[in-house]
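Structure first, then comments.
The values are calculated or read from the model by the stated rules, or taken from the named source; none is laboratory data. No experiment lies behind these values; they were computed from the predicted model shown. Here Cβ is always computed from backbone atoms with ideal geometry, including for glycine, and neighbour counts include all displayed protein chains. With ligands, DNA and RNA removed, areas are computed over all heavy atoms of the protein, side chains included. Shrake-Rupley method; radii C 1.70, N 1.55, O 1.52, S 1.80 Å.
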Amino acid sequence: MTQFTRTDGYVLGATCVAFNGRGEVLVTERRSPVRWELPGGLVDPGETLAAAAARETLEETGVYVEVRGLVGIYQHPSKAILAAIFLADAIGGEPGPTAEAAVAEWTSVDAALSKLHALYRPRLQDALAARRSTVFRVHEGAKMLSVLHARDLALPARTVPHLTGTVDESSSETEHGHREGDGRTPQATGDRLR
């Protein structure tokens, strides 16, 4: 993760909620601060948010992902951070320790929800609850560079067994539905960002 010294305005972050074909989610145990997170980090100058999410996921876990939808934007006013949370599919590589993560692994959604830091738990909950992605356009002036179209999101059928509780940042439990599918990971349509 690139370290920035902010002098004015917001810094941008990007995170992936990445799934494999078994419906497991990718998580990391950071070296510093020591805590369980979803892979992500800060956006480099000139880099798109989606590309940063995929790059940071690879750097932190060793897993290549394809971003397929924007879940939402998260603001941390006191630290002047804006973070984009993307849904992604694993397309290669194996998780393992990296310079930033002591552990990177695929785990069940239930296990991830129980161990993720309180900052990241709601982000996973939101990704699980999402029924449709948000449009994400990248442009220079009027010239469109790329677009992730809004579309229905379907998680692998085995992703979420039966969870109960309430969606609350202070809670480790979640209440959300998911669309039952045929177990296949859906493929992105339209232009793809990496």
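Of note:
- Per-atom-type breakdown for segment 51-161 gives carbon and sulfur 56% of the accessible area (1.4 Å probe, protein chains only).
- Between A102 and H139, the FRET efficiency from the beta-carbon distance, with R0 = 35 Å, is close to 0.35.
- Expressed to the nearest 5 percent, the antiparallel share of DSSP beta bridges inside segment 1-154 is 75 percent.
- Selected from G93, A80, A104, residue furthest toward positive end of dipole (segment 76-131; charges at beta carbon): A80
- Summarising the amide proton neighbourhood of L153: residues at separation of 5 or more, or on other chains, whose placed amide H is nearer than 5 Å comprise R132, S133.
- Counted by Cβ distance under 13 Å from A99, the other residues give a net charge of -2, where Lys and Arg count +1 and Asp and Glu count -1.
- Using θ = phi - 60° in the Karplus curve 6.51 cos²θ - 1.76 cosθ + 1.60, the 3J(HN,Hα) couplings for segment 141-147 round to x, 8, 7, 7, 8, 6, 8 Hz; x is entered for Gly and Pro.
- Distant-in-sequence amide contacts of V65, defined by a placed amide H-H separation under 5 Å and a gap of 5 or more residues or a different chain, comprise I91.
- Accessible area of S32 (1.4 Å probe, protein heavy atoms only, ligands and nucleic acids ignored): about 90 Å².
- Exposure ranking of Y74, Y120, Y64 by accessible area [1.4 Å probe, largest first]: Y64, Y74, Y120
- For segment 27-47, the residues whose backbone nitrogen is under 20 Å from a point 7 Å from the Cα of K79, taken along Cα to Cβ, are 27-45.
- Accessible surface for segment 25-112, divided over its residues, is 37 Å² per residue with a 1.4 Å probe.
- For H139, solvent-accessible area (1.4 Å; no DNA, RNA or ligand), Å²: 100
- Phi-based couplings in Hz for segment 114-126 (Karplus 6.51, -1.76, 1.60; Gly and Pro marked x): 7, 10, 5, 4, 4, 5, 9, 4, x, 5, 5, 4, 5
- Rounded to whole Hz, the Karplus (6.51, -1.76, 1.60) HN-Hα couplings of segment 58-74, x for glycine and proline: 5, 4, 8, 10, x, 10, 7, 10, 10, 6, 10, x, 8, 7, x, 10, 10
- Accessible-area ranking of L82, L26, largest first, probe 1.4 Å: L82, L26
- A cut-off of 5 Å between modelled amide H atoms, ignoring neighbours fewer than 5 places along the same chain, links R35 with R30.
- Nearest-10 value in Å² for the accessible area of K79, using the 1.4 Å probe: 110
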